[in-house]
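Written below as structure tokens is the structure these notes are about.
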Amino acid sequence: MKVAAFIAAMFTATTIVSLATASDLKDKVKLEIESIGLHPGVDPGMYVCALGHLHIKGTVQNGANVPLRQVKVAGRAFDAAGKLLGTATTTTRTEKLAPGQKAEINLEFLTVTGPAIDQVKRHEVVVVEAVPSKKSSGAINLHSAD
Ligand SMILES: [Zn+2]
């Protein structure tokens, strides 16, 4: 009887873990690009850093019901003809993003500099990964010793 209960508990735990995959969680992260135009004539959320790269700033909000350890965001910049000018990825630096909590993101397009910045007419920013931070009983152990 005790053994049966233990197996049932194990099965339940496994089911929960498999349902809460990173790919499901990423759909629950709300992404917002800063709505304030930082320079006239430049899209909201975009700016050029001191080194001349295009940057896109925004926030992610954890809409899932579990804390997240990491949210990875990817951005792509296109010209008027739809040609890809550059890509950028960034990961949130907060220790833990609680449900409902927001974190800043800053995408740096290392290849979009100088005249290419003026060619940017469209951009896409998407959440590509959301990693839960809950410590389960060894079922998920993605944390490296750092
Ligand atoms: Zn930069």
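The values are calculated or read from the model by the stated rules, or taken from the named source; none is laboratory data. Since the model is a prediction, treat every value here as computed from it, not as a measurement. Here the Cβ is made from the backbone with ideal geometry for all residues, glycine too, and neighbour counts use every protein chain on show.
Taken together, 50, 77 contain a single residue that is small (Gly, Ala, Ser) and in a loop (DSSP other than H, G, I, E, B), which is 50.
Residues are listed down the side, and each one gets a yes or a no for (1) in a loop (DSSP other than H, G, I, E, B); (2) out of contact with any Lys or Arg (no Cβ under 6 Å at 6 or more places or on another chain); (3) at pLDDT below 95:
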position	(1), (2), (3)
57	no, yes, yes
60	no, yes, no
65	yes, yes, yes
71	no, yes, no
87	no, no, no
134	yes, yes, yes
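Does residue 57 satisfy the criteria of being charged (D, E, K, R) and over 21 Å from residue 27 (Cβ atoms)? Spelling it out, residue 57 is indeed charged (D, E, K, R) and over 21 Å from residue 27 (Cβ atoms).
Matching residues to (1) farther than 20 Å from residue 25 by Cβ; (2) within 16 Å of the ligand (Cβ to nearest atom); (3) small (Gly, Ala, Ser):
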{"site": "62", "(1), (2), (3)": "no, no, no"}
{"site": "70", "(1), (2), (3)": "no, no, no"}
{"site": "83", "(1), (2), (3)": "yes, no, no"}
{"site": "87", "(1), (2), (3)": "yes, yes, no"}
{"site": "104", "(1), (2), (3)": "no, yes, no"}
{"site": "113", "(1), (2), (3)": "yes, yes, no"}
{"site": "122", "(1), (2), (3)": "yes, no, no"}
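Number of residues in segment 12-54 that are loosely packed, with under 13 Cβ neighbours inside 10 Å, over 25 Å from residue 64 (Cα atoms) and modelled with pLDDT of 85 or more: the value is 4. Taking (1) buried (at least 16 other Cβ atoms within 10 Å of the Cβ); (2) within 16 Å of the ligand (Cβ to nearest atom); (3) not aromatic (Phe, Trp, Tyr) in turn, residue 132 satisfies each apart from (2). For residue 90, the criteria (1) in contact with a Leu (Cβ under 6 Å, 6 or more places away or on another chain); (2) polar (S, T, N, Q); (3) surrounded by fewer than 16 Cβ atoms within 10 Å (Cβ to Cβ) hold in every case but one, which is (3).
Yes or no, residue by residue, for (1) more than 14 Å from the chain's Cα centre (by Cα); (2) aromatic (Phe, Trp, Tyr):
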site	(1), (2)
61	no, no
66	yes, no
73	no, no
101	no, no
106	no, no
109	yes, yes
